[in-house]
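A quick write-up on the structure given underneath.
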Amino acid sequence: MHTAELALSLLLVVIIVVSLLSNVLVLICFLYNAEIRKQVPGLFILNLTFCNLLLSASSMPLTLIGVLSNAHPGGHIFCQVVGFLDTFLTTNSMLSMAALSIDRWVAVVFPLSYHSRIRHRDAIIALAYTWVHSLSFSVVAACLSWVGYHQLYASCTLCNGRAVNAKTQFTIYTMVLHSLTFLLVSVVLCVTYLKVLKVARFHCKRIDVITMQTLVLLVDIHPSVRQRCLEEQKRRRQRATRKISTFIGTFFICFTPYVITRIVELFVTEPFNPYWGVLCKSLAYSKAACDPFVYSLLRHQYRKTCSDIINRLLKRSSPNGSGHQQENGKIGRAKEIVKDGEVEDRPTH
């Protein structure tokens, strides 16, 4: 086995392990915490977690086998089923990210009317659209035999048709697929999260003005305290930009190489380096490992839930145990809070 194959294999193993463990942890938090289940974004996160788990258990292991054996993993029909799932789950997860960005945009830009704009019924309708959208492209590819083992990516996924007419149709299909998934989701993410960043910066600026006015009035304040206040202002501004950059940046870093390679592949006759194809596919898979941290596990509510679960498993009394029960019974939490440049958890009622 070449060094490149070994490195790609290790990368895939890490992605599979991290993706499975992190997405299972998100699912456990969702089932454990009733407050998370009541929130509208929880439905989108659950759908995204479901897609990531299935992708981690189906397509990723077969790609790893393909890299290790340099051969077709499994039978033809089995590979077609996995290729169908690969197209469906990848498309569905992208649309779920777009739905989450729209939800966050409405919550931050229209906090007072959030509950009237985004309800559970609206979330179910949005999820139904993502499933119909994803199933439509997957079924078309399966019916036209455009799914199978692709040597370049060492995985069961979309494949070119052999006949000239079929190749032309496949080219049109691929362009439409990526236009209505990757390109559409890219536009939605950029527009919504940049709007969120604008609101976050406005709140940071307002907090900074109040802080500076306070520092001016407190003429006898110690220089070290003044310096800490100024440093906190800087961190607050950077925190907002860093969070938005993470949402957008992980999407483009993970999916852009794969999508561009897919499109370029349609118009060139020279074969690509197979290691490049597997690397692009691995980067696309890595989004399934990043999503639990980007959208869930790094948030305060999920961290607190994980802490409660660990304390319960270790049979330790959690300092927030009684508060957890009280929070589940509360009605009418604050709308959407933008605090220190970051969006906090949404209301539950």
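The values are calculated or read from the model by the stated rules, or taken from the named source; none is laboratory data. On a predicted model such as this, the values are computed, not experimentally measured, just so you know. So basically every Cβ, Gly included, is an ideal-geometry build from the backbone, and we count neighbours across all protein chains shown. Ligands, DNA and RNA are excluded from the accessible area calculation, which covers all protein heavy atoms including side chains. Shrake-Rupley method; radii C 1.70, N 1.55, O 1.52, S 1.80 Å.
Numbers for the structure displayed
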quantity: Test for Leu10: is it of a type in the set (A, V, I, L, M) and under 30 Å from Trp146 (Cβ atoms); calculated: no
quantity: Which listed residue is open to solvent by less than 20 Å² (accessible area, probe 1.4 Å) and either part of a helix (DSSP H, G or I) or within 19 Å of Val264 (Cα to Cα) (or both), from Ala98, Ala142, Ala128; calculated: Ala98
quantity: Condition check for Pro73: crowded, with 17+ Cβ neighbours inside 10 Å, within 28 Å of Val13 (Cβ to Cβ), at pLDDT below 90 and more than 20 Å from the chain's Cα centre (by Cα); calculated: yes
quantity: Options Leu25, Leu46, Leu21, Leu10; residue that is part of a helix (DSSP H, G or I), free of Cβ contacts under 8 Å to residues at least 12 places away in the same chain, open to solvent by 40 Å² or more (accessible area, probe 1.4 Å) and within 19 Å of Leu298 (Cα to Cα); calculated: Leu21
quantity: Tally, over the stretch 109-118, of residues that are under 12 Å from Pro41 (Cβ atoms) and either modelled with pLDDT of 85 or more or over 23 Å from the mean Cα position of the chain (by Cα) (or both); calculated: 1
quantity: Filter result for the condition that a residue is touching a residue at least 12 places away in the same chain (Cβ under 8 Å) and buried (at least 21 other Cβ atoms within 10 Å of the Cβ), over Val109, Val67; calculated: Val67
quantity: Residue in the stretch 149-167 that is under 21 Å from Phe251 (Cα atoms) and part of a helix (DSSP H, G or I) present; calculated: no
